[in-house]
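Colleague: The structure under discussion is supplied below as structure tokens; questions concerning it will follow.
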Amino acid sequence: MTRNLGLFAGVALLFILTGTLQSWNLSLSILNMCLLSAVMAMGVNMQWGYAGLFNTGVMGFAALGGLAVVLISAPAVPAGWAAGGPGILLALVVGALAIGLAVLVYKRMVPGRLRTATMLAVLIGGFVLYRYLFDPAAMAVESNDPAAAGNIGGLALPSLLAWPVGAALAALAAWAIGKIALGLRSDYLAIATLGIAEIIVAVMRNEDWIARGVKNLTGLPRPWPVPYEVDLQQTPAFLNWVSGLGVDPVTTSSIVVKLMYAVLFGLVLALVIWASERALNSPWGRMMRAIRDNEVAAEAMGKDVTRRHLHVFILGSAVIGIAGAMMTSMEGQLTPGTYNPLRFTFLIWVMVIVGGSGNNWGSILGALLIGWLWLIVETVGPGVMGMITAGMADGALKTHLVDSAQHMRLLTLGVILLLVLRFSPRGLIPEK
Amino acid sequence: MDFLNGLITFLNFVFVPGLAYGSQLALGALGVTLIYGILRFSNFAHGDTMAFGTMVTILFTWLFQGWGINLGVLPTALLALPIGIAATALFVLLTDRVVYRFYRRQKAASTILVIVSLGVMFVTNGIVRLIIGVDDQNFADGGRFVISAGDFKTMTGLSEGLAIKSSQALTVITALIVVAFLFWFLQKTRTGKSMRAFSDNEDLALLSGINPDRVVQVTWILAAALATIAGGLYGLDKSFKPYTYYLLLLPIFASAIVGGLGSPLGAIAGGYVIAFSEVTVTYAWKKVLGYWLPENLAPDSLVQLLSTDYKFAVSFTILIIVLLFLPTGLFKGKSV
């Protein structure tokens with residue numbers, strides 16, 4: 001216990017040092033990203049640590065969370081919606097119905113040529129009808145003021161509401177994937193999630209009608225209690241308080257905003273920890289661990305392994321979805337171009353494994369530590385590389401080295417992962 | 001005449017590119033499937049091993065070009081390929097010695113090995129980006145075309161041209177030679193036979209005195225050679241960019257799974273299935289259908305089923321179909 005407290009104190013010291021030596025703004029923005037990563041790491045830990053499921057699609061579930069924020073809280077675009085919103089909705093419903101019908105045909109009809117033919121006919125007919133309805137509607141939406149809008153717009157509801165919706169979207173995707181890939185060889189889930197994540201992000205990049213694609217959707221409202229810096233700087237009460245402290249109002253306002261985000265994210269994190277600690281120490285949690293440690297024995301005891309796996313996979317993905325939604329809320333914009341598997345999938349995995357898989361506190365520690373390392377290298381790395389190469393003559397080699405500073409962290413991360421797996425496979429805070 | 005023109009358009013835009021891409025995927029999937037058969041885990045680092053091999057090949061190609069050595073119409077990269085293979089073989093043997101061997105001795109679960117391969121993927125990826133950067137690198141030289149579209153038109157008098165790039169021809173020929181060699185090796189040589197025995201039943205193979213370390217080493221060397229050749233050919237045909245090679249992981253795995261993980265024949269079939277589906281689904285059929293269908297039925301739209309941005313959706317969908325209906329793949333791979 002004291003060791004664990006010491007580890008957390010050590011990480012806290014890192015953030016305090018960043019604050020005093022660099023700036024508190026930097027330290028707090030790193031902290032916020034770390035808290036978001038910690039929530040994602042909790043989701044991954046539920047899947048991997050409790051159940052031994054290997055999910056390589058964290059990026060996709062986080063992106064779905066972000067998409068929820070746009071759909072719920074972005075300002076409405078009435079003209080865009082009127083141009084083709086109902087048409088798109090209809091097309092999507094038709095597509096879903098076609099798939100449902102095909103599944104029904106597969107389940108109800110007698111196996112044989114006729115079943116295969118009917119199923120193919122339903123699927124192909126459904127696809128043609130879907131494209132027939134969808135293409136003109138999407139085109140109409142995208143041609144509505146493409147420079148500023150070109151999307152169907154959101155519901156203009158509060159941003160906080162989008163967080164559970166993000167969780168629901170991610171859970172839905174996880175259900176579909178889990179239904180197919182769970183119960184088969186364990187590697188299949190890894191490959192299927194890798195694929196679905198790429199597809200989700202590709203859809204967000206290319207389907208401009210949802211959220212403007214790579215043109216990015218900016219100006220999303222902030223979640224409820226967090227004010228805008230500009231407003232804060234004009235509030236008399238804030239100005240009085242700041243002048244009383246004798247600090248710069250501009251910097252302080254941005255620190256206050258970041259602190260409020262930190263509190264908000266901390267609350268969500270605390271809620272997730274509380275819930276998952278309760279779950280882990282309940283009969284359900286013991287059953288999950290029993291399944292993870294010996295599937296055959298658990299099955300012999302009458303546990304439906306695939307079903308339990310599906311449950312925990314959906315739960316974990318929903319948690320990742322919440323984190324993805326919180327991130328988009330904080331950034332105030334959805335930028336599909338920035339989702340890359342390294343930052344959103346594999347970094348989270350390193351956090352969970354370094355922290356200690358199967359232990360929630362370990363995942364949080366891992367998220368804070370690895371997240372800090374990752375982001376601090378981003379800001380300090382080029383400077384350090386610049387110092388190292390300062391004595392060198394200008395030329396191709398020097399620019400190459402300075403540019404390559406950011407790739408060093410890939411290498412470092414890989415080496416850390418391999419070292420932890422080899423020499424301390426239970427992580428910094430091992431499972432009890 | 002219209003029918004021939006349509007056929008040529010089809011060959012030019014669907015068949016030839018699909019054949020070349022399929023050969024590249026098949027070579028990649030063979031590597032994945034060999035590792036799976038012998039070492040029993042899905043190697044996530046395979047895409048980056050391809051990138052590593054291609055990087056070494058590119059560096060030596062540039063060196064040779066600098067020295068003024070070339071192969072005439074053939075790309076200089078062919079000369080650098082053996083060096084790339086040797087370097088990659090050394091690299092993967094090193095990773096096996098430093099990383100994988102420990103877990104093999106421990107008899108670790110295959111998921112652990114997958115995560116370990118993720119770590120190796122990071123390191124390889126980092127090394128590649130550190131050395132050659134993240135940008136597109138073009139290293140093709142020599143003759144561009146076996147037949148160019150213009151020559152074909154004057155030769156046949158058709159209004160559509162059939163262009164065969166030399167990189168495409170080279171890909172298919174190399175793939176044929178490599179696959180023939182691989183099957184000869186697996187079927188006829190003593191080492192190849194011991195590899196198949198090891199893959200079928202590890203305990204029995206060990207009992208009959210097969211040296212497991214040797215089998216594993218040979219497997220890594222073969223996988224490295226296949227990865228470098230696949231990567232080099234892909235780079236010649238398209239271009240080299242580390243991130244693209246990471247993205248190749250999905251179609252390659254899909255190919256290996258469609259064919260049946262652990263089955264070399266399946267990997268080849270899977271590669272072509274994935275490649276042809278990808279090209280067919282993302283190709284705009286307007287022109288071909290315009291030739292083939294009667295005037296009044298000719299389509300107005302592009303008749304493109306899926307935009308090229310979603311090409312991984314194709315491999316993914318095929319993967320899902322196989323997982324749903326045929327989890328052991330076309331050629332009955334390992335089911336555990």
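No lab work stands behind these numbers, since they all come straight from the coordinates. Given the structure is predicted, the values throughout are model-derived calculations rather than measurements. Neighbour counts are summed over all protein chains in view; Cβ atoms, including those assigned to glycine, are modelled from backbone coordinates with ideal geometry.
Colleague: So if I place +1 on the C-beta of Lys and Arg and -1 on the C-beta of Asp and Glu, and nothing else carries charge, what would the dipole magnitude of segment B:2-325 be about its Cα centre? I want it in debye, nearest 20.
Modeller: 980 debye
Colleague: Determine the dipole magnitude for the protein assembly as shown: charges of +1 sit on the beta-carbon of Lys and Arg, -1 on that of Asp and Glu, nothing else is charged, the reference point is the Cα centre, and the result goes in debye to the nearest 20.
Modeller: Result for the protein assembly as shown is approximately 2280 debye, rounded to the nearest 20.
Colleague: Compute a Gaussian network model of chain B, connecting alpha carbons closer than 10 Å, and tell me which residue from B:Ala298, B:Ala149, B:Ala175 fluctuates the most.
Modeller: Of the options given, B:Ala298 has the highest mean-square fluctuation.
Colleague: Cα-based Rg of chain A per 2.2 N^0.38 Å, rounded to two decimals?
Modeller: Normalised Cα radius of gyration, chain A: 1.09.
Colleague: Write out the trypsin sites (Lys or Arg not before Pro) in segment B:135-180 meeting two conditions: DSSP loop, and at most 14 other Cβ atoms within 10 Å of their Cβ.
Modeller: B:Arg144
Colleague: Let me check I have the definition right: for chain B, take the eigenvalues of the Cα gyration tensor, multiply each by 5, take square roots. What are those semi-axes in whole Å, largest first?
Modeller: 36, 24, 18
Colleague: What whole-number distance in Å separates the alpha-carbon centres of segment A:363-422 and segment B:1-33?
Modeller: Cα centroid of segment A:363-422 versus Cα centroid of segment B:1-33: 42 Å apart.
Colleague: Taking a spot 7 Å from the Cα of B:Asn211 along the direction of its beta carbon, which residues of segment B:83-109 have an amide N less than 20 Å from it?
Modeller: Within reach of a label on B:Asn211: B:89-98, B:100-102, B:104-105.
Colleague: Another question, if that's okay. Long-range amide H contacts for A:Ala76: which residues qualify at under 5 Å (H placed 1.01 Å from N, peptide plane, sequence gap of 5 or more or a different chain)?
Modeller: For A:Ala76, the qualifying residues are A:Gly154, A:Ala156.
Colleague: Could you give each residue of segment B:171-177 its phi-based ³J(HN,Hα) in whole Hz, using Karplus coefficients 6.51, -1.76, 1.60 with θ = phi - 60°, and x for Gly or Pro?
Modeller: Along segment B:171-177, the couplings run 4, 5, 5, 4, 4, 4, 4 Hz.
Colleague: Apply the Karplus curve 6.51 cos²θ - 1.76 cosθ + 1.60, θ = phi - 60°, to the phi angles in segment B:286-296 and return the couplings in whole Hz, x for Gly and Pro.
Modeller: Listing the rounded values in order: 3, 5, 4, 5, x, 6, 7, 8, x, 2, 6 Hz.
Colleague: Can I ask one more? Label 7 Å along Cα→Cβ of A:Glu299; segment B:309-332 residues with amide nitrogen under 20 Å?
Modeller: Label zone hits: B:323-329.
Colleague: Around A:Leu217, which amide H atoms from residues at least 5 apart in sequence, or from another chain, sit under 5 Å from its own amide H, with H modelled in the peptide plane?
Modeller: HN-HN under 5 Å from A:Leu217: A:Leu334.
Colleague: For segment A:77-152, divide the Cα radius of gyration by the Kirkwood radius and give the resulting Rg/Rh value with two decimals.
Modeller: 1.21
Colleague: While we're here: Between the alpha-carbon centers of segment A:110-165 and segment B:294-318, tell me the distance in whole angstrom.
Modeller: Between the Cα centre of segment A:110-165 and that of segment B:294-318, the gap is 16 Å.
Colleague: Go through segment B:255-263 residue by residue and turn each phi into a ³J(HN,Hα) via Karplus (6.51, -1.76, 1.60, θ = phi - 60°); whole Hz please, and just put x for glycine and proline.
Modeller: Computed from phi, the couplings for segment B:255-263 are 4, 5, 6, 4, x, x, 4, x, 10 Hz.
Colleague: Among the complete DSSP H segments of chain A, which ones combine at least 27 Å of alpha-carbon extent along their axis with a mean Kyte-Doolittle hydropathy of 0.5 or more?
Modeller: Answer set is A:24-45, A:78-108, A:113-142, A:159-181, A:186-206, A:249-280, A:305-331, A:360-388, A:396-423.
Colleague: So for the protein assembly as shown, taking the charge dipole from beta-carbon charges (+1 Lys/Arg, -1 Asp/Glu), which of A:Met392, A:Phe346, A:Pro164 sits furthest toward the positive end?
Modeller: With unit charges placed on the Cβ atoms, the residue in question is A:Phe346.
Colleague: Going Cα to Cα from A:Lys432, which lysines come in below 24 Å? Please leave out same-chain ones fewer than 8 positions away.
Modeller: Qualifying lysines at Cα under 24 Å: A:Lys303, B:Lys107.
Colleague: Let me ask you something else. Kindly provide the helix-only [θ] at 222 nm of chain A, computed as the sum of -39,500 (n - 2.57) over DSSP H runs of four or more divided by all residues, to the nearest 500 deg cm²/dmol?
Modeller: Estimated from H runs of four or more residues: -25500 deg cm²/dmol.
Colleague: Continuing with the same structure: Which one of B:Val178, B:Pro251, B:Phe312 is farthest out on the positive end of the charge dipole of chain B, using unit charges on Cβ (Lys, Arg +1; Asp, Glu -1) and the Cα centre as origin?
Modeller: B:Val178
Colleague: Relative to the compact globular guide of 2.2 N^0.38 Å, what is the alpha carbon radius of gyration of segment B:97-243, as a ratio?
Modeller: 1.45
Colleague: Can you work out the PRE-style zone for B:Asn70? Point 7 Å along Cα to Cβ, and I want the residues of segment B:126-164 with backbone N under 15 Å.
Modeller: Under cut-off, by backbone N: B:139-145.
Colleague: Roughly what would the spin-label model give for B:Gln106 and A:Leu21, points 7 Å off Cα along C-beta, in nm?
Modeller: Rounded to a tenth, the inter-label distance reads 3.3 nm.
Colleague: Non-local amide H neighbours of B:Lys165 (under 5 Å, H modeled in plane, Pro and chain starts lacking H): which ones?
Modeller: B:Val146
Colleague: Of the candidates B:Pro264, B:Pro299, B:Pro17, which one comes out as most mobile in a Gaussian network treatment of chain B with C-alpha springs shorter than 10 Å?
Modeller: Looking only at B:Pro264, B:Pro299, B:Pro17, the biggest GNM fluctuation is shown by B:Pro299.
Colleague: Give me the distance between the Cα centres of segment B:109-136 and segment A:1-18, rounded to whole Å.
Modeller: For segment B:109-136 versus segment A:1-18, the Cα centre distance is 30 Å.
Colleague: If I take R0 = 56 Å and measure r between the Cβ atoms of A:Leu120 and A:Ile388 in this structure, what FRET efficiency does the formula 1/(1 + (r/R0)^6) give, to the nearest 0.05?
Modeller: With R0 = 56 Å, the Cβ-Cβ based efficiency is 0.35.
Colleague: Cα atoms only, the protein assembly as shown: Rg and Dmax in Å?
Modeller: 27.5, 89
Colleague: Okay, next question. Run the simple label-point estimate for B:Asp135 and B:Leu176 please: 7 Å along Cα→C-beta, distance reported in nm.
Modeller: Here the answer is 3.8 nm between the modelled labels.
Colleague: Still on this model: With 21 Å as the limit, write out which pairs from B:Lys165/B:Lys286; A:Lys398/B:Lys238; A:Lys107/A:Lys179; B:Lys193/B:Lys332 have Cα-Cα distances beyond it, or answer none.
Modeller: Violating the 21 Å Cα-Cα cut-off are B:Lys165/B:Lys286; A:Lys398/B:Lys238.
Colleague: Now for a different question. What distance in nm separates the simple spin-label points at B:Thr154 and A:Gln406, each placed 7 Å from Cα in the Cβ direction?
Modeller: 4.8 nm
Colleague: Specify which residue in the list A:Pro86, A:Asn144, A:Ile99 is farthest towards the positive end of the charge dipole of segment A:77-152, using unit charges on the beta carbon of Lys, Arg (+1) and Asp, Glu (-1), about the Cα centre.
Modeller: Ranked along the dipole, the leading option is A:Ile99.
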